[in-house]
Amino acid sequence: MALQSLDVIRRSATSTSPPGQRQTQEVVKLIDISKCIGCKACQVACMEWNDTRDAIGINHGVLDNPPDLTENSWTVMRYAEVETNRGLEWLIRKDGCMHCAEPGCLKACPAPGAIVQYSNGIVDFQEKNCIGCGYCITGCPFNIPRLSKRDSKVYKCTLCSDRVAVGLEPACVKTCPTGAIVFGAKDDMLHHAEGRIVDLKSRGFADAGIYNPQGIGGTHVMYVLQYADKPEIYHSLPKNPSIGAMVGIWKDGAKPLASLLFGAGVIGAVLHYVTKGPNEVSEDIEKEFKDEKRP
Amino acid sequence: MKNDPKNLLRYTPSERGNHWLTALLVFLAGLSGLSFFEPLYYPLTLLFAGGVWTRILHPFFGVMTLISFAVMYAHFRQLNVMTHADWEWLRHVRELINSDDRNMPEAGKFNGGQKLMFWLMVACLALLLLSGIVIWRAYFSFLFPIGLVRFASVVHAASAAAMIGLILFHIYAGIWTRESIDAMLYGRVRRAWAKQHHPAWFREMSGGGK
């Protein structure tokens with residue numbers, strides 16, 4: 001997205017403050033899985049609005065089409081057939097970027113400004129700054145970013161940041177025929193979710209709940225799950241997603257430690273040289289070889 | 001004359017060429033790699049025509065470094081086998097650093113420190129190669145599970161930092177020990193230099209004389 005934003009709160013590989021004078025309201029896209037009928041209108045709307053088109057693939061035996069997220073398909077319906085205490089159930093999850101409050105992609109990204117986070121919570125890739133290293137894929141707890149084979153840039157759901165910036169809801173929300181996807185201020189969405197959970201519980205879904213994992217500070221895409229105690233049955237939705245210790249060591253530990261090591265090494269070398277002097281051939285040995293020309 | 005035939009031949013032209021080619025490649029790989037390691041060093045991408053070119057080139061610099069170093073490894077492996085005397089030399093290294101070489105055990109063509117440096121670099125480069133393949137997104141990363149890619153990212157960063165530390169030390173040791181850079185540039189060293197720094201090698205070269 002090329003529009004200038006004045007509401008950036010995090011910018012990849014940048015240690016000073018990004019332009020963030022404007023404070024905006026935190027937004028959330030709430031996906032109520034109990035209301036989803038799997039029509040894929042959201043997938044179509046996403047491609048329509050963002051002008052992306054996936055290649056026509058093959059049927060691989062289930063309804064997931066395309067079978068995975070791609071650089072052109074930023075959202076994909078995942079169909080899981082699950083045996084629950086109510087019998088066989090079809091749990092359909094709209095997969096895509098969760099817009100984490102503490103984004104692993106942004107933490108891992110080495111290119112200044114290739115990933116930004118707005119104060120409304122949207123995590124947006126700025127492909128013009130992307131160098132195509134794929135570190136965001138390494139950092140993402142949800143396996144979302146996809147590297148394009150055409151231009152070696154990474155793409156994912158923008159939560160329609162361009163629409164949201166001018167007061168519109170994301171395209172998928174606009175098109176959803178059952179109201180399974182709603183969008184609005186975070187507090188309103190949490191309130192709405194509570195109502196949905198009360199309703200689901202009254203219908204016998206005792207474990208209904210919201211999916212807003214705290215290991216990554218919460219997300220700006222949330223789910224209402226009928227079985228919130230078992231998110232993994234929704235096509236492997238991670239139960240406690242986190243950026244992960246390895247990414248933490250890599251990005252928080254190794255960087256300052258190594259710079260410190262290099263700096264200490266250089267200073268140590270200079271101090272050693274000026275205090276101890278160079279390691280030269282001793283005078284005694286030089287006398288032995290008087291015939292040799294000294295440099 | 002730098003190449004006075006009275007002086008002792010320490011490095012042949014092909015050894016020197018191999019060394020400086022490796023050094024150049026290590027610099028290219030190191031400077032390009034540093035730019036992804038920490039935003040502070042991102043401006044280094046300007047040396048390689050920008051971030052995207054740096055990302056494309058870095059792994060190839062790495063592979064070329066490996067190939068060049070492999071030649072050096074095959075050539076110098078035997079000369080760098082650690083002996084009892086080398087460990088003894090290392091136990092005295094603190095005295096040498098304090099400019100007191102009176103009790104230093106005699107070093108051969110390479111002293112214990114140089115040999116240890118050689119093996120540490122071998123270890124770092126092996127780790128860099130293995131982890132580098134796993135995180136080479138354009139061709140290989142999709143073959144590996146995400147947990148392994150994350151682990152390899154840490155291994156790559158840590159071994160690269162260690163490698164840069166070793167290189168800095170290597171460069172300083174060359175500056176500190178006068179005339180040793182000349183040895184690698186021109187190949188020959190003065191007999192006095194050899195006797196001072198590598199007495200066992202000196203005796204070997206001069207047939208047990210002086």
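By how many degrees, 0 to 90 and rounded to 10, does the Cα axis of helix A:41-50 deviate from the longest principal axis of chain A?
Roughly 50 degrees, rounded to the nearest 10.
Can you tell me what percent of all Cα-Cα pairs in region B:57-187 are more than 24 Å apart?
Looking at region B:57-187, the distances longer than 24 Å represent 41 percent of pairs.
Under a Cβ-only charge scheme (Lys and Arg +1, Asp and Glu -1), can you give me the dipole magnitude of region A:124-252 about the Cα centre, in debye to the nearest 20?
With Lys and Arg at +1 and Asp and Glu at -1, about 440 debye.
Using a Förster distance of 56 angstrom, determine the FRET efficiency expected from the C-beta separation of B:Leu46 and A:Val82, and round it to 0.05.
0.60
Report the far tail of the P(r) of chain A, meaning the percent of Cα-Cα pairs longer than 37 Å.
27 percent
Of A:Val198, A:Val173, B:Val155, B:Val93, how do they rank once you tally other Cβ atoms within 10 Å and put the fewest first?
A:Val198, B:Val93, B:Val155, A:Val173
Among the trypsin sites (Lys or Arg not before Pro) in region A:2-81, which ones are in a DSSP loop with at most 12 other Cβ atoms within 10 Å of the Cβ? Mind listing them?
Working: sites: A:Arg10, A:Arg11, A:Arg22, A:Lys29, A:Lys35, A:Lys40, A:Arg53, A:Arg78; in loops: A:Arg22, A:Lys40, A:Arg53.
Sparse-neighbourhood loop trypsin sites (Lys or Arg not before Pro): A:Arg22, A:Arg53.
Take the cross-link list A:Lys128/A:Lys239; A:Lys40/A:Lys186; A:Lys40/A:Lys153; A:Lys94/A:Lys153; A:Lys276/B:Lys109 and give me the ones stretching past 31 Å between alpha-carbons.
Exceeds cut-off: A:Lys128/A:Lys239.
Output the relative contact order of chain A, whole-number percent, from Cα pairs under 8 angstrom with separation of 6+ residues.
RCO, chain A: 22 percent.
Can you list residues from other chains, or at least 5 along the same chain, whose modelled amide H is less than 5 Å from the amide H of A:Lys29?
The list, which skips near neighbours in sequence, is A:Val221, A:Met222.
Could you state the number of Å between the C-alpha centres of region B:34-88 and region A:75-133?
So the separation of the two Cα centres works out to 35 Å.
Please find, in a Gaussian network model of chain B (springs between Cα atoms separated by less than 10 Å), the residue of B:Pro39, B:Pro59, B:Pro105 whose mean-square fluctuation is greatest.
So, out of B:Pro39, B:Pro59, B:Pro105, the one fluctuating most is B:Pro39.
Which ³J(HN,Hα) values, rounded to whole Hz and listed in residue order, are derived for region A:115-123 from phi using the Karplus coefficients 6.51, -1.76 and 1.60 in 6.51 cos²θ - 1.76 cosθ + 1.60 with θ = phi - 60°, glycine and proline given as x?
10, 10, 10, 8, 5, 7, x, 6, 9
For A:Val44 and A:Ile58 in the same chain, what is the full-extension length gain: residue separation times 0.36 nm, less their Cα-Cα distance, in nm?
3.3 nm
Residues of region B:157-184 with backbone nitrogen within less than 12 Å of a virtual label 7 Å along the Cα-to-Cβ line of B:Val93, please, listed as ranges.
B:166, B:169-170, B:173
Please list the radius of gyration and Dmax for the protein assembly as shown, considering alpha-carbon atoms only, with Å as the unit.
Taking only Cα atoms of the protein assembly as shown, I get Rg and Dmax of 30.5, 103 Å.
Which angle from 0 to 90°, rounded to the nearest 10, does the C-alpha axis of helix B:51-76 make with the longest principal axis of chain B?
30 degrees
Find how much the distance from B:Ala173 to B:Arg16 grows on full extension, using 0.36 nm per residue of separation minus their present alpha carbon separation; answer in nm with one decimal.
Contour length minus the Cα-Cα distance gives 54.8 nm.
How much mean residue ellipticity at 222 nm does the protein assembly as shown get from its helices, if each DSSP H run of length 4 or more adds -39500 (n - 2.57) and you divide by all residues, to the nearest 500 deg cm²/dmol? Mind dumping the intermediate values first?
Numbers: 18 runs with 219 residues, N = 505.
Mean residue ellipticity at 222 nm (helix-derived): -13500 deg cm²/dmol.
Helix A:254-276 against the longest principal axis of chain A: what's the angle in degrees, Cα atoms only, rounded to the nearest 10?
10 degrees
A short reminder: the numbers here are calculations on the coordinates, not readings from a lab. Everything numeric here is computed off the predicted structure, so don't read it as measured data. Note: ideal-geometry Cβ built from the backbone for every residue, glycine included; neighbour counts use all protein chains shown.
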